[in-house]
Amino acid sequence: MESLYGSNIARLEEVMDYLLSEINSIRNQMMEEEGLDPVEHCLSRIKSEESMREKCIRKGLPVTTDSALNKLYDAIGIRVVCAFLNDVYKIKEYITSLPDCEVVEEKDYIKHAKPNGYRSYHLIVRVKETFAEIQLRTISMDTWAALEHHVKYKKDIKGNEELFTKELKRCADELASTDISMQIIKDRIAKLPENNN
Amino acid sequence: MKILLVEDTKDLNRALTVALEHEGYSVESAFDGEEATDKIMTNGYDVVILDIMMPKKDGIEVLKDMRSRNVVTPVIMLTAKAEVDDKVLGLDAGADDYLTKPFAIKELLARVRAMARRKNGYDSEMIEYGDIKLNGGNFELSCENSVILSAKEYELLKTLIRNEGKVLSSDYLLEHVWREDDGANEDTVSLYIMYLNGKLNGIASNVEIAGKLESGYCI
């Protein structure tokens, strides 16, 4: 079978590496300024051809290179997991201000959480005619999303779905509350006078 | 709602049971103080109606006993004498309300309703202010989306909303929200105000708490 991405794999990898290097650059800059690493971890991937074919079909698109690269935007996927809430916004700000990076779509699911409690900042950008999806979130949001995903695909909870959905939403709202408190504590500590000892 | 009726006079016990059941309450009866204590320690009730003058163990003893074992169920006591000392003794022992015999059944029913209101009022209180909703049942603060507040954050926000437009000093807030928590000081208040403003912003609300540590806070 011919590659769904055609001859574009190298370009996808190049753009992904470019974005990762830019994220690394703001990460180092912030680390120097604040003495704390703003990024807990950063994941990246080129969507597997199998998943991409499946997604084209699911979205009712022809399974073609054009669909994979220009109709769907997540051939390149990057997830930046931050320690603190404000770091998410600082890194987002940096990415969207890059001169060669066009913002195609921006969704703040942190301020406007999804009804199930899901929180994350979603960006779709275009660099050198190549789309990439970047998700930014805090460790708490990432932890929540991992468990929610697990629960969603676990089959033997039928009948208890409503209870789990409601409880997971409550957990998301508690974590969101804690994220805000932690940010405020961090800011408050940062304002204390320097200890010269 | 489940009521325990402790009254040793059989006819009166019967008459009150019928009246309360007619109102839709589920009623259990006890005819002396010992039976009352046994039932209170074994079962859960929403309200206890407690006669003072009883064989074996009087109502005051029953009351002191249950309170010393941390049973906080609201108690309405029934006193035979209209003497002030009796009422004071009962209220100090932990009663929430009293009725002097003879009383109209209508009045007892009204007092039971008032008691139920007070109890439910705290549990499921829903406060709306500006574009926000504050749920006393689960401490959920919501606007476009929601966060769960801590107990102190909830109390603090509720106090500010209840005193809408008034500037409340750190001392006032410490006394009304933190009460006997000795570790809390005005920096604690200032930090909690910042938490609340952060969370109000986090749910995309327009509500903001104004003020400073020196001048006090206002919603």
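The values are calculated or read from the model by the stated rules, or taken from the named source; none is laboratory data. This one's a predicted model, so the numbers in the text were calculated from it and none came from an experiment. So basically every Cβ, Gly included, is an ideal-geometry build from the backbone, and we count neighbours across all protein chains shown.
Tell me yes or no: at least one residue of the stretch B:145-154 is of a type in the set (D, E, K, R) and within 11 Å of another protein chain (Cβ to nearest Cβ). Let's see the steps before the verdict.
First, the residues of the stretch B:145-154 that are of a type in the set (D, E, K, R): B:152-153.
From what is left, the residues that are within 11 Å of another protein chain (Cβ to nearest Cβ) are B:153.
Within the stretch B:145-154, one or more residues are of a type in the set (D, E, K, R) and within 11 Å of another protein chain (Cβ to nearest Cβ).
Looking at the stretch A:5-20, can you tell me whether even one residue there is within 28 Å of A:ARG188 (Cβ to Cβ) and either surrounded by 14 or more Cβ atoms within 10 Å (Cβ to Cβ) or in contact (Cβ under 8 Å) with a residue 60 or more places away in the chain (or both)?
Just the residues of the stretch A:5-20 that are within 28 Å of A:ARG188 (Cβ to Cβ), to begin with: none.
No, the stretch A:5-20 contains no residue that is within 28 Å of A:ARG188 (Cβ to Cβ) and either surrounded by 14 or more Cβ atoms within 10 Å (Cβ to Cβ) or in contact (Cβ under 8 Å) with a residue 60 or more places away in the chain (or both).
Determine, yes or no, whether B:TYR122 is hydroxyl-bearing (Ser, Thr, Tyr) and either more than 30 Å from B:GLU164 (Cβ to Cβ) or modelled with pLDDT of 90 or more (or both).
On the way: hydroxyl-bearing (Ser, Thr, Tyr): yes; either more than 30 Å from B:GLU164 (Cβ to Cβ) or modelled with pLDDT of 90 or more (or both): no.
It is false that B:TYR122 is hydroxyl-bearing (Ser, Thr, Tyr) and either more than 30 Å from B:GLU164 (Cβ to Cβ) or modelled with pLDDT of 90 or more (or both).
Enumerate the pairs (first residue in the stretch B:166-185 and in the same structural domain as B:GLU208 (by TED's automatic domain parsing) and of a type in the set (Gly, Ala, Ser); second residue anywhere and surrounded by 11 or more Cβ atoms within 10 Å (Cβ to Cβ) and part of a loop (DSSP other than H, G, I, E, B)) with beta-carbon separation below 7 Å, excluding pairs fewer than 6 apart on the same chain, so at least 6 apart or on different chains.
B:SER170/B:LEU213
Among the hydrophobic types (A, V, I, L, M, F, W, C) and assigned by TED's automatic domain parsing to the domain that holds B:ASN201: which single residue out of B:LEU109, B:LEU157 fits that description?
Values: B:LEU109 fails: assigned by TED's automatic domain parsing to the domain that holds B:ASN201.
From the options B:LEU109, B:LEU157, the qualifying one is B:LEU157.
Of all residues in the stretch B:24-52, which are more than 14 Å from B:ALA95 (Cβ to Cβ) and either in contact (Cβ under 8 Å) with a residue 40 or more places away in the chain or polar (S, T, N, Q) (or both)? Before the answer, list the steps.
Our first condition is that a residue be more than 14 Å from B:ALA95 (Cβ to Cβ); within the stretch B:24-52, this holds for B:24-35, B:37-39, B:41-46.
B:TYR25, B:SER26, B:SER29, B:THR37, B:THR42, B:ASN43, B:GLY44, B:TYR45, B:ASP46, listed by residue number.
Output the residues belonging to the stretch A:117-129 that are out of contact with any Lys or Arg (no Cβ under 6 Å at 6 or more places or on another chain) and surrounded by fewer than 21 Cβ atoms within 10 Å (Cβ to Cβ). Quick ask: steps written out before the conclusion?
Applying the first criterion (out of contact with any Lys or Arg (no Cβ under 6 Å at 6 or more places or on another chain)) to the stretch A:117-129 yields A:118-119, A:123-129.
Within the stretch A:117-129, A:TYR118, A:ILE124, A:ARG126, A:VAL127, A:LYS128, A:GLU129 qualify.
Which pairs have Cβ atoms under 8 Å, sit 6 or more apart or on different chains, and link a residue in the stretch B:189-215 that is on the phi > 0 side of the Ramachandran plot and more than 10 Å from chain A (Cβ to nearest Cβ) to one that is of a type in the set (A, V, I, L, M) and surrounded by fewer than 18 Cβ atoms within 10 Å (Cβ to Cβ)?
The qualifying pairs are B:GLY211/B:VAL167.
What pairs can you find where one residue is in the stretch A:25-37 and in contact (Cβ under 8 Å) with a residue 12 or more places away in the chain, the other is among the basic types (Lys, Arg), and their Cβ atoms are less than 8 Å apart, with a gap of 6+ or different chains?
From the stretch A:25-37, the pairs are A:ILE26/A:LYS90; A:MET30/A:LYS90; A:ASP37/A:ARG27.
If you take the residues of the stretch A:155-197 that are within 8 Å of chain B (Cβ to nearest Cβ) and of a type in the set (Lys, Arg), which of them is surrounded by the most Cβ atoms within 10 Å (Cβ to Cβ)?
Once the filter is applied, the top-ranked residue is A:ARG170.
Out of B:THR73, B:THR79, B:THR100, I need the residue that is out of contact with any Asp or Glu (no Cβ under 6 Å at 6 or more places or on another chain), over 30 Å from B:GLU208 (Cβ atoms) and buried (at least 17 other Cβ atoms within 10 Å of the Cβ). Which one? Before the answer, list the steps.
On the way: B:THR79 fails: out of contact with any Asp or Glu (no Cβ under 6 Å at 6 or more places or on another chain); B:THR100 fails: buried (at least 17 other Cβ atoms within 10 Å of the Cβ).
Exactly one of B:THR73, B:THR79, B:THR100 is out of contact with any Asp or Glu (no Cβ under 6 Å at 6 or more places or on another chain), over 30 Å from B:GLU208 (Cβ atoms) and buried (at least 17 other Cβ atoms within 10 Å of the Cβ), namely B:THR73.
Taking the conditions exactly as written (more than 20 Å from the chain's Cα centre (by Cα) and either within 14 Å of chain A (Cβ to nearest Cβ) or farther than 30 Å from B:VAL207 by Cβ (or both)), does B:GLU128 satisfy them or not? Step through it out loud before you land on a result.
On the way: more than 20 Å from the chain's Cα centre (by Cα): yes; either within 14 Å of chain A (Cβ to nearest Cβ) or farther than 30 Å from B:VAL207 by Cβ (or both): no.
No; evaluated as a whole, the condition is false for this residue.
When you check B:VAL147 against the structure, is it surrounded by 15 or more Cβ atoms within 10 Å (Cβ to Cβ), modelled with pLDDT of 90 or more and hydrophobic (A, V, I, L, M, F, W, C), yes or no?
Details: surrounded by 15 or more Cβ atoms within 10 Å (Cβ to Cβ): yes; modelled with pLDDT of 90 or more: yes; hydrophobic (A, V, I, L, M, F, W, C): yes.
Considered against the rule, which asks whether it is surrounded by 15 or more Cβ atoms within 10 Å (Cβ to Cβ), modelled with pLDDT of 90 or more and hydrophobic (A, V, I, L, M, F, W, C), B:VAL147 comes out as yes.
When the stretch B:53-68 is examined, which residues are found to be modelled with pLDDT of 90 or more and among the aliphatic types (A, V, I, L, M)?
B:ILE60, B:VAL62, B:LEU63, B:MET66
Quick check: anything in the stretch B:183-200 under 30 Å from B:ASP97 (Cα atoms) and touching a helix residue (DSSP H, G or I) at 6+ places or on another chain (Cβ under 6 Å)?
No; the residues of the stretch B:183-200 include none that is under 30 Å from B:ASP97 (Cα atoms) and touching a helix residue (DSSP H, G or I) at 6+ places or on another chain (Cβ under 6 Å).
Mind listing whichever residues of the stretch A:31-45 are assigned to a strand (DSSP E or B) and crowded, with 16+ Cβ neighbours inside 10 Å? Working first, answer last.
Pass one, the stretch A:31-45, residues assigned to a strand (DSSP E or B): A:39-45.
Those that are assigned to a strand (DSSP E or B) and crowded, with 16+ Cβ neighbours inside 10 Å: A:VAL39, A:CYS42, A:SER44.
All but one of (1) within 11 Å of another protein chain (Cβ to nearest Cβ); (2) more than 24 Å from A:GLU22 (Cβ to Cβ); (3) aromatic (Phe, Trp, Tyr) hold for A:TYR109; which doesn't?
Of everything listed in (1) within 11 Å of another protein chain (Cβ to nearest Cβ); (2) more than 24 Å from A:GLU22 (Cβ to Cβ); (3) aromatic (Phe, Trp, Tyr), A:TYR109 misses just condition (2).
Restricting to the stretch B:1-35, and then to whatever is surrounded by 19 or more Cβ atoms within 10 Å (Cβ to Cβ) and touching a Gly at 6+ places or on another chain (Cβ under 8 Å), can you tell me which residue is farthest from B:GLY59 (Cα to Cα)?
B:VAL6
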